[in-house]
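Asks: Let me give you the structure first, and then I'll get to my questions.
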């Protein structure tokens, strides 16, 4: 395998052998290690000294089920921490099949121009990207597929990334060529924009494919693991049927659906925006309630959502998006939320950050709470680069500062997502302490807190939450390195044989003899690398805290986020 | 003496006895101690848990020459560090004469309304401030003087403070009732706005005055100290004649006048905006080249600047302001810069932060470098609260982020002022390490680097700079506690008997027997208190660094800012 180093200052590409220390790393483990090794933690995230690293996971490109996650690592302009954000779509599989371990993009063009990278079996090439400047993601993909073939994967930024806005995402096309899977969080799109890279076209025609040392052993483990996923009630039934939006009713019931900028734990309009409601709407309009974001996914939690006239509107329409523009902004119109989702994908911004930001704009009085048309108008302005759009496009904390609002739900500058930390305390611990800023995926304690997966920990009490969050953060760092979708964790937590099967696949592919303990050690080691980077960047335990307003009691349970600093600091006791 | 505690949540005022630990503190020493004692370092600067503390210096209200500085302390919304910003004008003298040691403003009105505080010999009273909302500082002062008498001092915020913008200042009227002296740096005006306080009217009618234990000893020391100031070439001649703008030609000559967003050390248009040019213009138009910002100042470095028609335009027109809108933005039109200064005073924003911000806006391409009319237009938008104005009004780093600019000259979020750290390395050390963010006044190494005051340290070399900055930072923290203008330091550095005379005055007033060593210890102790607050707020040594672009060589000397982190960390070795 190769690592490609693209220097945008010089306009050069170099293929490098994979160093031994990187050989058994992939995904987040690899991107975080390269960033830690090569990027000065105090550098400006949008300056020439930051880098952007793309890496498929260890199992990507194989027949391992749901193994198509692409990791993108950088120093985040939003959080100023190290950042890994991963997405589905077809990029990771194609890169892995092309024998590409990682692409490192460094430097900055002196001419301020935009380029397209073309990745094929022959290597990486820089093409003029001028014609794409200003285009939104759907058009970028269409244009590039017409030039380079319908089967290529397009990784691109929209106008938000060109403007280097901190909420800018990097879009990855799915199996249908739609830019609906995003490395959303942390402004990776702004870094790509600062490198002058508008798009990356990945063409795996005649790719050598992934070599596997012990094919029989791999096949057996993959098949077995696939079965475990299909047999799990969440992975095999809940997610395929309703997608992640199934969580709207569940969290609302639990009193943990943050409503009106984290004022309440339940939203009156929840049933109108629930997964069940969405399922009915999709079926009525001949959309697809079940759809895979990349070939080989058995959970297929995505969907295709049509508008009132039965035309395609959006896909990959997630719980967190519906929550952010919905309950958080008190908008109960699912079509309006779907339009906002489509706009985010097209402009290239994180739906969570933008939804929380629109809620903060409502808090500031720019538009009233519940104003769906106003929200659509604000989001359009982000795509147009107008001053108000540039404020909003830099996220919730930035918008709050512009308008003097102090009620801003962020940790390390990144918006708190769809689970109130007072009613789902385990995930609150993750928000506070994650190396990534507020991020539910970094240690998804919603499992044991709400879904009764991997045990049960009372979501309203402090007991057990720190241990739960720690264990999940460690496991997640490891899973994020495999290329497996985090949703496999539901099965892993409930089925003792699932993790050994993942280890079997890795061992079979690479000819290793790792144990389950090694996986835990890998997770710890990744977190330590990330923590160390953040410490050098200036982060201390005092940043591992939630905003002070979470000491307000949350209806309906009247709970607060009542962990002491010392308790939170116990997460990193290893 | 009394401390008044104004609780804006409750709408109450309480007079408190001065605790023993506060008895011998004043100015910055007192504001920083109260903030450290009462404010959670991790609180949101614009939330209800931050506080705003106003305190006259230890010698304010007496006949000590140039002792009328008012300190305002808070947690800064710009830097998120502890902050003390001090200003001249008549507030400190009046507060001290009223027997007021400090005013602590806490909480936040629930109704979102604005109030006026009226301070008289009878205490502090809350008045409705609704009628003043939206008014700029000149109008606020006019209105309040018409209501409360021509001799009151008005401390107020303009629209920028109401909008809670991070560059918002707090204006203090001078002896002529003009709002030209500002606690400029760090967004203290935004905190005042967040407390719902539009203005503070200070009426010292029938004030008891400052009690002095040993009047004779005080009088003698004050007289002696006054002579030393008048005999010093900077305090007694340079500053009274040309004001601080005398530095334009000096810094340009030294190659340390940052030009075009810190690209060059010399500005072609320097002679057009120099102190000497200003002196001629002022005299031609019957302005006043020499003017005191408060009664009893012997240095009188202020001036009254008239427009082309001979009408008053602005006063307190400082070197740093002229630099920021001048060389930094490559504007060489003194009248335009005076208009920008007037606008800053009126809208209530820090001239340094705004000037640097306009330069960053030019870097972003919003207007071209050198565009004076464009700069005036942008500044007007800050006063109008439009989206672009809200971006600019939050300072240089914020504006840079909004427009994806990575060349931003800030430390801890605060703009680097008028002395290039590569050509005046001692002040660079201060910018990097000050507890306040980039602040030349925190340790003004320009003295020995450029002015040959207090010794000589080659400005282009590293040798001696860390010691110089450390000693000046310690001395400054102490002087900032006395109410004395920092400019007395020129005399103190050159005249060994000057500091003992300051100590004599303090001892005579308070019946103490402090030594010169005690003053040094006071300075150290203040810095330690501030550092500790900042550490709890999440600051580490890695924040004590300059932006990475200062490794570019600066014309004409070809020097870089080449201190290692370890060298900079030696500043706080005590």
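The values are calculated or read from the model by the stated rules, or taken from the named source; none is laboratory data. Nothing here was measured: the structure is a model prediction, and the numbers come from that model. So basically every Cβ, Gly included, is an ideal-geometry build from the backbone, and we count neighbours across all protein chains shown.
Asks: Looking only at segment B:300-320, filter to residues that are touching a strand residue (DSSP E or B) at 6+ places or on another chain (Cβ under 9 Å) and not in a strand (DSSP E or B); which one of those is farthest from residue B:158 (Cα to Cα)? Walk me through it before giving the result.
Replies: Let us first name the residues in segment B:300-320 that are touching a strand residue (DSSP E or B) at 6+ places or on another chain (Cβ under 9 Å), namely B:300-307, B:312-318.
Retained after the next criterion (residues that are not in a strand (DSSP E or B)): B:300, B:307, B:316-318.
Values: B:300: 26, B:307: 23, B:316: 17, B:317: 18, B:318: 20 Å.
Looking at residues that are touching a strand residue (DSSP E or B) at 6+ places or on another chain (Cβ under 9 Å) and not in a strand (DSSP E or B), I get B:300.
Asks: I'd like the full set of residues that are part of a loop (DSSP other than H, G, I, E, B) and crowded, with 24+ Cβ neighbours inside 10 Å, limited to segment A:385-404.
Replies: Initial filter on segment A:385-404 (part of a loop (DSSP other than H, G, I, E, B)): A:385-386, A:393-395, A:403-404.
Those that are part of a loop (DSSP other than H, G, I, E, B) and crowded, with 24+ Cβ neighbours inside 10 Å: A:393, A:394, A:395.
Asks: Can you tell me which condition residue A:447 does not meet? The list is (1) touching a residue at least 40 places away in the same chain (Cβ under 8 Å); (2) part of a loop (DSSP other than H, G, I, E, B), and all the others hold.
Replies: Status for residue A:447: all satisfied but (2).
Asks: Which residue out of A:208, A:258, A:289 is over 30 Å from residue A:458 (Cβ atoms) and in the same structural domain as residue A:399 (by TED's automatic domain parsing)? Spell out the reasoning first.
Replies: Numbers: A:208 fails: in the same structural domain as residue A:399 (by TED's automatic domain parsing); A:258 fails: over 30 Å from residue A:458 (Cβ atoms).
Selected residue: A:289, the only one of A:208, A:258, A:289 that is over 30 Å from residue A:458 (Cβ atoms) and in the same structural domain as residue A:399 (by TED's automatic domain parsing).
Asks: All but one of (1) surrounded by fewer than 17 Cβ atoms within 10 Å (Cβ to Cβ); (2) over 23 Å from the mean Cα position of the chain (by Cα) hold for residue B:241, so report the exception by its number.
Replies: (2)
Asks: Here is a further query. Would you pick out the residues in segment A:282-292 that are surrounded by fewer than 19 Cβ atoms within 10 Å (Cβ to Cβ) and part of a helix (DSSP H, G or I)?
Replies: So the first thing to find is which residues in segment A:282-292 are surrounded by fewer than 19 Cβ atoms within 10 Å (Cβ to Cβ), and the list is A:283-286, A:288, A:290.
If the condition is that a residue be surrounded by fewer than 19 Cβ atoms within 10 Å (Cβ to Cβ) and part of a helix (DSSP H, G or I), then A:283, A:284 are the ones that fit.
Asks: Checking the structure you have, find out if any residue of segment B:383-394 is closer than 25 Å to residue B:554 by Cα and either within 9 Å of chain A (Cβ to nearest Cβ) or touching a residue at least 40 places away in the same chain (Cβ under 8 Å) (or both). Explain how you work it out, then say what you get.
Replies: At the first step, the residues of segment B:383-394 found to be closer than 25 Å to residue B:554 by Cα are none.
Checked segment B:383-394: no residue is closer than 25 Å to residue B:554 by Cα and either within 9 Å of chain A (Cβ to nearest Cβ) or touching a residue at least 40 places away in the same chain (Cβ under 8 Å) (or both).
Asks: Now for a different question. Give A:172, A:180, A:154, A:133 a once-over and let me know the one that is more than 15 Å from the chain's Cα centre (by Cα) and surrounded by 20 or more Cβ atoms within 10 Å (Cβ to Cβ). Explain how you work it out, then say what you get.
Replies: Working: A:172 fails: more than 15 Å from the chain's Cα centre (by Cα); A:180 fails: more than 15 Å from the chain's Cα centre (by Cα); A:133 fails: surrounded by 20 or more Cβ atoms within 10 Å (Cβ to Cβ).
The unique qualifying residue is A:154.
Asks: Name the residues in segment A:542-560 that are within 13 Å of chain B (Cβ to nearest Cβ), within 28 Å of the chain's Cα centre (by Cα) and in a loop (DSSP other than H, G, I, E, B), would you?
Replies: A:544, A:545, A:546, A:547
Asks: For residue A:534, all conditions in the list (1) within 14 Å of another protein chain (Cβ to nearest Cβ); (2) surrounded by fewer than 21 Cβ atoms within 10 Å (Cβ to Cβ) hold save one; what is the number of the exception?
Replies: It fails just one condition, (2).
Asks: Answer with yes or no whether residue A:490 is within 14 Å of another protein chain (Cβ to nearest Cβ) and buried (at least 20 other Cβ atoms within 10 Å of the Cβ). Reasoning before the result, please.
Replies: Details: within 14 Å of another protein chain (Cβ to nearest Cβ): no; buried (at least 20 other Cβ atoms within 10 Å of the Cβ): yes.
It is false that residue A:490 is within 14 Å of another protein chain (Cβ to nearest Cβ) and buried (at least 20 other Cβ atoms within 10 Å of the Cβ).
Asks: What residue, of B:563, B:539, is over 18 Å from residue B:467 (Cβ atoms) and either touching a helix residue (DSSP H, G or I) at 6+ places or on another chain (Cβ under 8 Å) or assigned to a loop (DSSP other than H, G, I, E, B) (or both)?
Replies: On the way: B:563 fails: over 18 Å from residue B:467 (Cβ atoms).
One residue alone meets the criteria, B:539.
Asks: Can you name the condition, by its number, that residue B:220 falls short on among (1) in contact with a strand residue (DSSP E or B) (Cβ under 7 Å, 6 or more places away or on another chain); (2) farther than 25 Å from residue B:10 by Cβ?
Replies: Every condition holds for residue B:220 apart from (1).
Asks: Sort out which residues of segment B:136-167 are out of contact with any strand residue (DSSP E or B) (no Cβ under 8 Å at 6 or more places or on another chain) and in a loop (DSSP other than H, G, I, E, B), and write them in order of number.
Replies: B:136, B:149, B:150, B:151, B:163, B:164, B:166 - these are the residues of segment B:136-167 that are out of contact with any strand residue (DSSP E or B) (no Cβ under 8 Å at 6 or more places or on another chain) and in a loop (DSSP other than H, G, I, E, B).
Asks: Can we say residue A:227 is free of Cβ contacts under 8 Å to residues at least 40 places away in the same chain and either not assigned by TED's automatic domain parsing to the domain that holds residue A:77 or not in a helix (DSSP H, G or I) (or both)? Show your work before the answer.
Replies: Values: free of Cβ contacts under 8 Å to residues at least 40 places away in the same chain: yes; either not assigned by TED's automatic domain parsing to the domain that holds residue A:77 or not in a helix (DSSP H, G or I) (or both): yes.
Answer is yes for this residue.
Asks: Which one of these is closer than 17 Å to residue A:437 by Cβ and in contact (Cβ under 8 Å) with a residue 60 or more places away in the chain: A:559, A:529?
Replies: Values: A:559 fails: closer than 17 Å to residue A:437 by Cβ.
Criteria check complete, one pass: A:529.
Asks: Considering segment A:230-241 alone, what residues qualify as being farther than 15 Å from residue A:494 by Cβ and without any contact (Cβ under 8 Å) to a residue 60 or more places away in the chain? Working first, answer last.
Replies: First, pick out the residues of segment A:230-241 that are farther than 15 Å from residue A:494 by Cβ: A:240-241.
Of everything in segment A:230-241, just one residue is farther than 15 Å from residue A:494 by Cβ and without any contact (Cβ under 8 Å) to a residue 60 or more places away in the chain, namely A:241.
Asks: Mind telling me which of the residues A:462, A:452, A:425, A:412 ends up being over 24 Å from residue A:87 (Cβ atoms) and surrounded by 24 or more Cβ atoms within 10 Å (Cβ to Cβ)?
Replies: On the way: A:462 fails: surrounded by 24 or more Cβ atoms within 10 Å (Cβ to Cβ); A:452 fails: surrounded by 24 or more Cβ atoms within 10 Å (Cβ to Cβ); A:412 fails: over 24 Å from residue A:87 (Cβ atoms).
One residue alone meets the criteria, A:425.
Residue by residue, here is whether (1) more than 24 Å from residue B:245 (Cα to Cα); (2) assigned by TED's automatic domain parsing to the domain that holds residue B:32; (3) out of contact with any strand residue (DSSP E or B) (no Cβ under 9 Å at 6 or more places or on another chain) holds:
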| site | (1), (2), (3) |
| --- | --- |
| B:365 | yes, no, yes |
| B:383 | yes, no, no |
| B:390 | yes, no, yes |
| B:393 | yes, no, no |
| B:430 | no, no, yes |
| B:440 | no, no, yes |
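Asks: Which residues, counting only those in segment A:395-406, are facing chain B (nearest Cβ under 8 Å) and over 16 Å from residue B:80 (Cα atoms)?
Replies: Passing the criteria: only A:403.
Asks: Also, quick follow-up: Any residue at all in segment A:478-494 that's free of Cβ contacts under 8 Å to residues at least 40 places away in the same chain and within 30 Å of residue B:535 (Cβ to Cβ)?
Replies: no
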